[in-house]
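Asker: Before I ask anything, let me first share the structure, which is written out below as structure tokens.
The values are calculated or read from the model by the stated rules, or taken from the named source; none is laboratory data. None of these values were measured; they are calculated from a predicted model. Note: ideal-geometry Cβ built from the backbone for every residue, glycine included; neighbour counts use all protein chains shown.
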Amino acid sequence: MEQKIKKRKKEGMEFLNKIILSDCLTGIKQMPDSSVDCCISSPPYWGLRDYGTAKWVGGDENCNHIDSSRIGGQGEKSKKQHTNKGTQNIQYNKICKKCGAERVDEQIGLEEDYAEFIAKLIELYTEIQRVLKPTGTCFVNLGDTYAGSGSGTTKNADTSKYVENSKQVYVLPNGTAKASKFRGTNLNKSLLMIPERFAIGMIDAGWILRNQIIWHKPNQMPSSATDRFTVDFEKIFFFVKQSTGYYFEQQLEPYTKPLDRWGGDDLEANGKSTWDNGTGQTTYRNRNMRPNPDGKNMRTVWSINTEPFPEAHFATYPEKLVKRMIEAGCPEYGLVLDPFMGAGTTAVVAKKLNRNYTGFELNPKYKLIAENRLIKEIGLFL
């Protein structure tokens, strides 16, 4: 019996089609090497939202820690709580004054500065790189943050550490220190370019970036900002471990204009054939480069509406978006990993496409939502 358990752990079977209540880094460290075919992930925005995952460690379990340790306005460690009505300044001590318990939050996205946030992400994806097969693929959807808009920003704070010649340093898993400089003394309202900084850090950590995809949201909610344009897109990065031999199923999209005839009908003296691209202009192509009658290679701007899910958190993935990534990056019956499972969209789509899933979720409420979706939509008995 013990040998069977060891074999299952070695093969990663205990993670198959499971959503595990754990912070993703701790959980993924338990997974075996080269066991995942594709990773689909959408980390939280930095400094934008608290998902209520903090715990009190030690002290008196009967103590009302939050009430006794809440402080007003100034001093000590603080965080901001974000609700549908906006940002509320709520201050907390990390140590309960009544019983000495320590307040611990393993949620990624609540770091005090963006450099620490990026460092945590790169640490996580280095672990994902280990569990990913050599042929594996990794898609990361990451949004940006404006300085002054969240818990880790510089609004009403001392900005001296951001002036030129000062540095914010994050250390890659290989020990390489990366430093960021700000020019100027006021960062408020500036985009921090977190997705781009993350992508560069991933390349430095050994990932190969094959595409950056623009997820355009046609139904984006109106913005209250009147001094800039409304942001209606997020970036998705497509990473692989090796430059050739990774799994990729070409995705096609329709031609924007009909093709009247294919190459080969009119062979020119120079050995090239002609075809009409629908504009009335004749285009020359080599005979071996005829257009695919099923469509053209998919472009990197994806216009896909967001999909509300009342029971879940604010950033529910649209199924169409997840479907496209899984079909492109994971073979049938392969294993899809989602380190931020949330409402379970990745798991639901994976099962609909005859793939398996493994997910990690820090909040028990969202884990239950995801499992109920799987029961209702897929008929899985969990």
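Asker: So, in the stretch 24-55, exactly how many residues are modelled with pLDDT under 95 and in contact with a Ser or Thr (Cβ under 7 Å, 6 or more places away or on another chain)?
Answerer: Adding up the residues that qualify gives 4.
Asker: Give the residues of the stretch 329-344 that are touching a Phe, Trp or Tyr at 6+ places or on another chain (Cβ under 6 Å) and not in a loop (DSSP other than H, G, I, E, B), sorted by residue number.
Answerer: Residue satisfying the conditions is Val336 alone.
Asker: Any residue in the stretch 309-323 that is of a type in the set (A, V, I, L, M, F, W, C), under 21 Å from Asn211 (Cβ atoms) and in the same structural domain as Asp232 (by TED's automatic domain parsing)? Break it down into steps so the answer makes sense when it comes.
Answerer: Pass one, the stretch 309-323, residues of a type in the set (A, V, I, L, M, F, W, C): 309, 312, 314-315, 321-322.
Subsequent filtering for residues that are under 21 Å from Asn211 (Cβ atoms) retains 321-322.
Within this subset, residues satisfying the condition of being in the same structural domain as Asp232 (by TED's automatic domain parsing) are 321-322.
Yes, the stretch 309-323 contains at least one residue that is of a type in the set (A, V, I, L, M, F, W, C), under 21 Å from Asn211 (Cβ atoms) and in the same structural domain as Asp232 (by TED's automatic domain parsing).
Asker: Still on this structure, I have one more. Just one of the numbered conditions (1) surrounded by 18 or more Cβ atoms within 10 Å (Cβ to Cβ); (2) within 27 Å of Met31 (Cα to Cα); (3) modelled with pLDDT under 95 is not true of Phe381; which one?
Answerer: Answer for Phe381: the failing condition is (1).
Asker: From the list Trp262, Trp275, which one is modelled with pLDDT under 90, part of a loop (DSSP other than H, G, I, E, B) and among the aromatic types (Phe, Trp, Tyr)?
Answerer: Details: Trp275 fails: part of a loop (DSSP other than H, G, I, E, B).
Only one candidate passes the filter, namely Trp262.
Asker: Let me ask something else. Does Pro195 fit the bill of being at pLDDT below 95 and of a type outside the set (Ser, Thr, Tyr)? Spell out the reasoning first.
Answerer: Details: at pLDDT below 95: no; of a type outside the set (Ser, Thr, Tyr): yes.
So Pro195 does not fit the description; no.
Asker: Sticking with this one: If I filter the stretch 333-350 for residues that are over 16 Å from Arg373 (Cα atoms) and surrounded by fewer than 16 Cβ atoms within 10 Å (Cβ to Cβ), do I get at least one hit?
Answerer: Yes; the residues of the stretch 333-350 include at least one that is over 16 Å from Arg373 (Cα atoms) and surrounded by fewer than 16 Cβ atoms within 10 Å (Cβ to Cβ).
Asker: With the condition kept exactly as written, say whether any residue in the stretch 305-320 is among the β-branched types (Val, Ile, Thr), closer than 22 Å to Leu252 by Cβ and in contact (Cβ under 8 Å) with a residue 12 or more places away in the chain. Lay out the reasoning, then the answer.
Answerer: Of the stretch 305-320, the ones among the β-branched types (Val, Ile, Thr) are 306, 316.
Among the residues that remain, those that are also closer than 22 Å to Leu252 by Cβ are: none.
No, because not a single residue in the stretch 305-320 is among the β-branched types (Val, Ile, Thr), closer than 22 Å to Leu252 by Cβ and in contact (Cβ under 8 Å) with a residue 12 or more places away in the chain.
Yes/no per residue for (1) within 28 Å of Leu132 (Cα to Cα); (2) modelled with pLDDT of 95 or more:
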| residue | (1), (2) |
| --- | --- |
| Val163 | no, no |
| Pro173 | yes, no |
| Ala177 | yes, no |
| Ser180 | no, no |
| Ile200 | yes, yes |
| Trp207 | yes, yes |
| Val240 | yes, yes |
